[in-house]
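Written below as structure tokens is the structure these notes are about.
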Amino acid sequence: MSIVGKEIDALLKKISLVIIFADSIESAHYRTVKISRKGTEWHDGFSGSTQDLYEAFPKSQGKVGRRLHAAEPESVLFSLIKKYFGDSQYGVVFEHPQRWNSSIYRDEDDERFVPLALNDKGEIVSYLQSVEEGVVFLFPPLENTSGFLLELFESFLPEHFPQLFPSSGQFAWLDNGAFPVPGEVELLGDRKKIESDYKERVKKNEQAIVDLKSEYGFLRSLIFETGDNLVEAVAHYFRWLGFNSVVNQDEHSSDVLEEDLQVDCGDKLLVVEIKGIGGTSTDKACSQITKIKNRRMKQRNSFEVYGLYIVNHERYVSPDRRKNPPFTDHQLQDALLDERGLLTTYQLYLAFFLIRDGILNKDDVREQLFAYGLITLMPKDLICLGLPSEHLMKGAVVVVDLQIHSVKVGDVIVARKNSHYTKHVVQSLQVDGVDVEEANGGVTGIKVSTKVPAKSEIFVRLGSGKDPILE
């Protein structure tokens, strides 16, 4: 059996329709060859024929003709074939398959095979055949095949094989509004207004998103830009942080050895080198700011000059999938020895939301930018209470074992999952099933104002109490 025949037989084992147009009988012989570095290697050949399209394919022979007659009883399909046959001609005729009837001890016509069209001699030109779970339709060549298939799929097949055409549009005219039931017109009018209002609201929402992305474009630039655009994004961020004097040196000097940004705080100066790269930083890139820092110290005759290298590393990769931190142990150690800072733009991005949510404040972030070694811009005044042993009420209650710090009703706890922090107000406490105003140790149930993300570490602030930002 041919490769196509095996595919058709596999298809017919499930509910399916196979449509064949029989133009002529064709056969061919094939030889396979394996091509490798050693040369070509011929393998055994195989033959294929259109007389062997599937296992139950009836016997056939080539015969050409133009006149068609309906098989008895005449079917709707014959009318459809005749309508689109036109000046075409058939090229193959078929024998009716036989099936052994044990009750009469002889072969008889297989009732699963239904002739559709015959020639003048009564030979079968078109048929349908049930094979296992599927049905095969064989038609002669037609003058207008596309028109025939369109009508076949729109009218005949959905009616006789509804399980294969559950969404047929044959009776779509019932729901086009031309034949309404009482009250339908009014409801359709209401729906149009609802759809119009919805589209207008979506349009306004989309514009609001565009405006928001424009307003906070510097944040997006921090995590994908490079060159001047990245430098300007960091400068914008520093001004938002509250630095009064942020100077883009590239706009004031063409010297390639100048820093990208200079932040003058009066009593001290921060010089910043900024890069956006596809990979991670070289030792030279990390240390270049040291030379600039030393030169500025001499110019100012002051040791209060600080160097900071900021990198948007692996900029083509989503920030949460990048190597963080992207610096080697050697680079981190050198930064400490040279008294300069290393920072990623992703840390700046994350810190924006920590400040917005009141977990960090701008003063602390500004001060951390003058630190040495790896700068993380994470809260420094938090004590870890560990991972909750249980999350109850869909995260509204967490159970922790208090060992090193107390918690009071009204305190603010902070949850950290990966690099993301959320803040939650303590609404009630339970120890051993008893409500308490303050828990000093042991297993404690903490009910909070908002749900705590699963698998989050829980923190409490040093000297915890009510958070002034929330009051």
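The values are calculated or read from the model by the stated rules, or taken from the named source; none is laboratory data. Remember, predicted model here, so these are calculated numbers, not experimental data. Using ideal geometry, Cβ is built from the backbone for each residue, glycine included, and neighbour counts are taken over all protein chains shown.
A few comments on the model shown:
- Within the span defined as segment 61-76, every residue fails to be under 45 Å from the mean Cα position of the chain (by Cα), surrounded by 12 or more Cβ atoms within 10 Å (Cβ to Cβ) and small (Gly, Ala, Ser).
- Strands (runs of 3 or more DSSP E) completely within segment 11-80 that count 2 or more residues being under 16 Å from Val92 (Cα atoms): 16-21, 60-65
- Among the residues making up segment 1-10, those that are loosely packed, with under 14 Cβ neighbours inside 10 Å, of a type in the set (A, V, I, L, M, F, W, C) and either within 24 Å of Val92 (Cα to Cα) or not assigned by TED's automatic domain parsing to the domain that holds Phe156 (or both) are Ile3, Val4.
- Qualifying residue in segment 30-48 (condition: within 30 Å of Glu154 (Cα to Cα), of a type outside the set (A, V, I, L, M, F, W, C), surrounded by 14 or more Cβ atoms within 10 Å (Cβ to Cβ) and touching a residue at least 12 places away in the same chain (Cβ under 8 Å)): no
- Scanning segment 285-321 for residues that are in contact with a strand residue (DSSP E or B) (Cβ under 8 Å, 6 or more places away or on another chain) and closer than 20 Å to Leu348 by Cα yields Ala285, Cys286, Ile289, Tyr306, Gly307, Leu308, Tyr309, Ile310, Val311, Asn312, His313, Arg315.
- Among the residues making up segment 1-45, those that are under 30 Å from Arg99 (Cβ atoms) and either more than 42 Å from the chain's Cα centre (by Cα) or of a type in the set (S, T, N, Q) (or both) are Met1, Ser2, Ser16, Ala22, Asp23, Ser24, Ile25, Glu26, Ser27.
- Every residue from segment 137-169 that is over 39 Å from the mean Cα position of the chain (by Cα), over 21 Å from Phe113 (Cα atoms) and without any contact (Cβ under 8 Å) to a residue 60 or more places away in the chain: Glu143
- Residue within segment 102-109 that is surrounded by 11 or more Cβ atoms within 10 Å (Cβ to Cβ), outside any strand (DSSP E or B) and charged (D, E, K, R) present: no
- Residue match in segment 227-244 (condition: more than 40 Å from the chain's Cα centre (by Cα) and either over 24 Å from Thr344 (Cβ atoms) or at pLDDT 95 or above (or both)): yes
- The set of residues in segment 288-326 that are under 15 Å from Ile274 (Cα atoms), in contact (Cβ under 8 Å) with a residue 40 or more places away in the chain and part of a loop (DSSP other than H, G, I, E, B) comprises Arg315, Pro326.
- The criterion of being within 25 Å of the chain's Cα centre (by Cα) and outside the structural domain of Phe352 (by TED's automatic domain parsing) holds for Lys203.
- Exclusive hit being crowded, with 19+ Cβ neighbours inside 10 Å, within 32 Å of the chain's Cα centre (by Cα), among the β-branched types (Val, Ile, Thr) and closer than 28 Å to Glu215 by Cβ, set Thr344, Thr376: Thr344
- Test: residue in segment 123-132 that is among the small types (Gly, Ala, Ser) and within 23 Å of Pro58 (Cα to Cα): yes
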